[in-house]
Amino acid sequence: MTGLMSDILESAVTLTAIEKSFGAVRALAGVDLLLKPGECLGLVGHNGAGKSTLMHVLAGTLKPDQGRLVIGTQDVSRQYSASNASAHGIRCVFQELSLCPNLTLAENVRIVHRALKGIGWKAKARRLIGEKLDEIFPGHGIDVDQEAGDLNIGQRQMAEIARAFTVTDEPLRVVILDEPTSSLDAVTARQLLTFMRQEVARGTSTILISHLLGDVLDYCDRIAVMKDGKVVAEKEAQNFTRHSLVAAMGATAEKAGPGTTARRRISSALTIEATPLTATQTGKLSVRKGEIVGLAGLAGHGQTRMLIQIFDGARKHSAAFIAGDRQSDGVFNLWSIGENVTVSALRHLRKGPLIRPEHEHNMARNWKQRIGIRTPDMNNNILTLSGGNQQKALFARALGSKADIVLMDDPMRGVDIGTKLEVYEMIRAEAEAGRSFVWYTTEIDELKHCDRAYIFRNGAIVAELQGDELSEDKVLHASFAESA
Amino acid sequence: MTNIWTKLRAQPWIWSFIAMIAVWLATIAFTGGQGAGEILTAALSFATFTIIIGLGQMMVITTGPGNVDLSIPATITLAGVVATKVMDTDNARLLIGILAALGASFVVGLFNYGLIRLLRIPPIIATLSSSFLILSTAISYGRGIRIKPPPMLADFATTRILGVPLLAIFVLALSIGIALLIKRTLYGRTVLAIGQNPRAARLAGLNVDLTRFATYLLSALLAGVTGIVLSGFSGGAALNMGEGFLLASIAVVVIGGTSVAGGRANVPGIWGAALFIYLLDTMLNTFGASAGIRLIMTGVIIIAVITIAGGDRQQR
């Protein structure tokens with residue numbers, strides 16, 4: 001009994017002076033954070049503020065360079081890893097979903113619960129996940145014998161969340177929810193947040209990371225604001241207003257208004273017209289010469305497929321694609337930075353049938369300067385670069401090609417703010433020179449650089465917003481609208 | 001000096017050459033220096049066939065995991081049979097024979113890629129099953145009769161200049177051409193890109209399908225060339241002439257430092273590896289090892305060379 005009392009009195013998790021750098025980028029610059037048992041902590045901040053990195057440290061998937069991690073009363077800083085995190089009662093639902101696509105949901109549950117063994121483990125696993133899904137998302141309509149790969153992204157997210165809350169022999173102390181509602185519609189999102197409150201009332205702690213400030217204000221007990229790898233504000237939720245929260249996050253987003261270039265109404269010739277193949281009831285997309293058109297809406301609602309559809313449909317060599325998912329869509333791991341940059345322009349670097357090495361070197365050197373790739377030598381392997389600099393190389397590849405249409409698949413992941421501003425500038429200049437851009441972005445702020453935007457939902461275009469209508473509210477409203 | 005060694009060590013082909021030289025030295029040490037030159041000349045003659053098909057297999061393997069051409073031995077046989085039968089020992093029919101053999105190889109490449117692309121059969125199965133069809137065609141066309149090659153073809157395949165086979169010089173030129181193709185042409189770069197990441201290659205605007213098609217064609221054509229010169233070298237086409245070339249074509253690619261995972265090709269390594277395999281056989285023969293011991297030793301030594309070369313690559 002006394003043991004239980006003292007447990008409750010202590011914090012569930014204490015992070016002290018956590019530091020983490022990736023190459024030159026300092027993702028966490030000494031973070032202190034405390035989580036009490038039975039509370040919901042909201043964690044907010046701009047992209048790149050360090051929220052996800054911090055949660056990866058807490059989940060054991062990243063090892064901090066410095067700092068202390070105490071779970072309950074136990075200092076685990078030395079021997080902490082992803083494999084013993086769950087023994088300590090830490091569970092997480094990350095943005096990058098982690099279900100194995102070739103396994104059924106029940107089998108996916110087995111992966112995290114070693115206790116499910118012996119004859120009949122499958123029935124137990126099936127019951128465990130089924131009941132949890134029913135509890136959190138009544139009427140979910142998910143078959144637990146389906147392979148995870150056959151579920152759509154929203155269902156996968158629901159399954160992943162339900163799995164994080166299942167309990168067998170290991171305790172459930174803290175659940176990290178990193179943008180858990182990014183692929184959920186309004187109704188299921190509500191179900192999740194309501195369940196989260198019930199779970200918190202039972203004594204589980206949760207950390208909720210979300211860009212939807214309303215949810216954070218309404219459903220969290222306490223809110224911590226991160227900026228540039230530090231916690232810059234931490235108060236009870238009722239002591240924050242939407243306004244003070246935005247102010248604490250830093251002015252980068254809100255001050256953009258008058259600073260950005262005035263949006264243009266473009267009436268030049270059409271370069272692209274396309275209708276998403278993935279939906280029956282949908283709007284049509286059109287892009288004019290020299291225009292910057294945004295694709296918005298919740299993540300994974302058909303924007304990337306739209307870009308690839310345009311890419312495949314475009315006249316040969318008239319479209320260039322900038323990958324956001326660098327590893328699977330962009331980088332050639334065995335090649336140098338230079339080879340990665342020049343690959344799309346090789347046909348113009350030839351004399352006769354042969355590629356001229358000196359032309360290649362010149363192009364690589366040029367772009368190293370123009371876009372500021374941080375490397376001593378463009379002949380170094382591409383993987384010697386940090387993620388953000390690899391992304392710059394991919395920008396250079398696309399902008400250095402002769403394509404008149406540039407398709408961008410949420411390409412700013414991992415790019416630091418200074419570079420972002422330079423790239424925005426570059427995009428604007430290229431657009432003025434006559435290039436067309438189609439820009440899928442998950443950051444509503446980036447839509448401010450677009451002339452127009454289409455909102456996607458379930459593979460369909462549900463709204464078109466002109467530049468002056470591109471506000472967070474309007475975009476979110478359109479993303480969630482029940483029907484077009 | 002140490003600097004040069006560090007640079008050399010970094011070359012993935014260096015191990016096949018070291019192995020080749022070691023085996024050659026061991027052989028001539030055993031014979032007391034006798035026949036050192038003859039052994040090399042013979043090695044150059046016999047290894048050239050493996051080198052030609054090795055280059056084709058290398059291109060195929062470089063296009064990425066799962067890509068391999070198992071129809072090479074059958075294609076060699078078909079080309080040899082077609083060439084000798086069309087030429088009919090007549091020098092005047094040499095050119096038309098070559099064209100017919102290359103035409104047949106072209107059809108093989110076309111057929112292989114058709115199975116892979118249109119029917120979506122994995123390359124390993126597609127080329128294996130097509131090799132049965134190819135071999136059957138060769139058998140029914142050739143009727144198993146060995147026809148002598150025309151004298152000009154036989155001369156070309158066996159002539160030596162200062163101890164160096166003319167064929168080896170021809171294959172050296174071919175190798176330089178392939179190396180240039182890989183490094184300096186859009187086609188070659190595309191092959192390397194596809195081997196690393198086919199999806200990224202497509203999104204970078206490279207023509208993935210056409211390049212893979214061209215690669216299977218190239219492999220079939222090089223097998224065809226091998227069939228022609230081999231029938232000239234060995235006094236006619238035989239139905240078992242492709243035997244042994246399947247494993248050899250893959251072994252020289254792997255020993256030569258080309259990445260089995262794709263995206264990295266290595267031409268010099270093919271030479272080192274092909275010479276090594278031939279010299280290894282010669283060495284074991286010279287030592288008087290029995291057939292069983294020879295096979296075991298060949299297996300063990302090849303594994304050892306790959307381990308040493310591969311292990312070093314991982315450390316870097």
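How many Cβ atoms of partner chains, on average, are near each residue of A:342-350 if near means within 10 Å of its Cβ?
Mean shielding by partner chains, rounded to a whole number: 4.
What FRET efficiency comes out for residue A:114 versus residue A:150 if R0 is 22 angstrom and r is the Cβ-Cβ distance? Round to the nearest 0.05. Result of the calculation: an efficiency of 0.30. The amide H of residue A:227, built 1.01 Å from its N in the peptide plane, has A:232 as neighbours under 5 Å, considering only residues 5 or more places off or on other chains.
Residue-normalised convex hull volume from the C-alpha trace of the range B:39-315: 136 Å³ per residue.
Considering only B:294, B:199, B:264, the mean-square fluctuation computed in a Gaussian network model of chain B, springs between alpha carbons under 10 angstrom, is largest for B:199. Given their separation in residues at 0.36 nm each and the Cα-Cα distance between them, residue A:169 and residue A:351 gain 58.7 nm when the chain is fully extended. Accessible surface computed residue by residue for the range B:147-220, with neighbouring protein chains in place and a 1.4 Å probe, gives 42 Å² per residue. Apply 1/(1 + (r/R0)^6) to the Cβ-Cβ distance of residue B:164 and residue B:247, taking R0 = 30 Å, and write down the FRET efficiency to the nearest 0.05. The formula returns an efficiency of 0.65 here.
Only DSSP H runs of four or more residues enter the estimate; each adds -39500 (n - 2.57), and after division by the residues of chain A the mean residue ellipticity at 222 nm equals -10000 deg cm²/dmol. Look at where the Cα atoms of the range A:422-462 and of the range B:163-237 average out, and the two centres are 43 Å apart. Only protein heavy atoms count here; under a 1.4 Å probe, residue A:412 has an accessible surface of about 10 Å².
Summarising the label geometry, the points placed 7 Å from Cα in the beta-carbon direction at residue A:277 and residue A:75 lie 5.9 nm from one another. If R0 is taken as 51 Å, the Cβ-Cβ distance between residue A:284 and residue B:92 corresponds to a FRET efficiency of 0.15.
Write down the percent of antiparallel bridges among all DSSP beta bridges whose residues are both part of the protein assembly as shown, to the nearest 5.
50 percent
Comparing Cα centroids, the range B:262-298 and the range A:157-172 end up 56 angstrom apart.
Taken across both chains, chains A and B shield about 2200 Å² of accessible surface from a 1.4 Å probe. As a fraction of the 1.4 Å probe accessible area of the range B:142-249, surface on carbon and sulfur atoms comes out at 70 percent. Using a ≥ b ≥ c from the Cα gyration tensor of the protein assembly as shown (square roots of the eigenvalues), is it rounded, prolate or oblate, where a/c under 1.5 gives rounded and otherwise the larger of a/b and b/c decides, a/b for prolate? Here the protein assembly as shown falls in the prolate category. Residues of the range B:69-93 falling in the label zone of residue B:99, defined by backbone nitrogen less than 20 Å from a point 7 Å along Cα to beta-carbon, are B:79-93. Taking θ as phi - 60° and the Karplus parameters 6.51, -1.76 and 1.60, the scalar couplings of the range A:356-362 work out to 8, x, 5, 4, 4, 4, 4 Hz in sequence order, x denoting glycine and proline.
Peptide A:323-333 is shielded by partner chain Cβ atoms: per residue, an average of 4 of them sit within 10 Å of its Cβ.
Relative to the current alpha-carbon distance between residue A:121 and residue A:246, full extension at 0.36 nm per residue lengthens the span by 40.2 nm. Distance between the pseudo-spin-label points of residue B:120 and residue A:230 (7 Å out from Cα toward the beta carbon): 5.5 nm. Using the Karplus relation 6.51 cos²θ - 1.76 cosθ + 1.60 with θ = phi - 60°, the per-residue 3J(HN,Hα) values for the range B:208-214 come to 5, 5, 4, 5, 5, 4, 4 Hz, with x marking Gly and Pro.
Close amide H contacts of residue A:302 (hydrogens built in the peptide plane, cut-off under 5 Å, sequence separation of 5 or more or a different chain): A:459.
Surface analysis of chain A yields an accessible area of 44 Å² per residue, using protein heavy atoms and a 1.4 Å probe. Rounded to the nearest 10 square angstrom, residue A:179 shows an accessible area of 20 square angstrom against a 1.4 Å probe. Across the range B:69-78, coupling constants 3J(HN,Hα) worked out from phi with the 6.51/-1.76/1.60 Karplus curve, θ = phi - 60°, read 10, 8, 8, 4, x, 5, 5, 4, 4, 4 Hz, and Gly and Pro carry x. Site pair residue A:268 and residue B:297 shows an inter-label distance of 7.3 nm when each label is modelled 7 Å from Cα along Cα→Cβ.
The values are calculated or read from the model by the stated rules, or taken from the named source; none is laboratory data. All of these numbers come straight from a predicted model, not from anything done at the bench. All Cβ positions, even for glycine, are placed from backbone atoms using ideal geometry, and neighbour counts span all protein chains on display. Ligands, DNA and RNA are stripped out before the accessible areas are found, and what is left, the full protein with its side chains, is counted by its heavy atoms. Shrake-Rupley method; radii C 1.70, N 1.55, O 1.52, S 1.80 Å.
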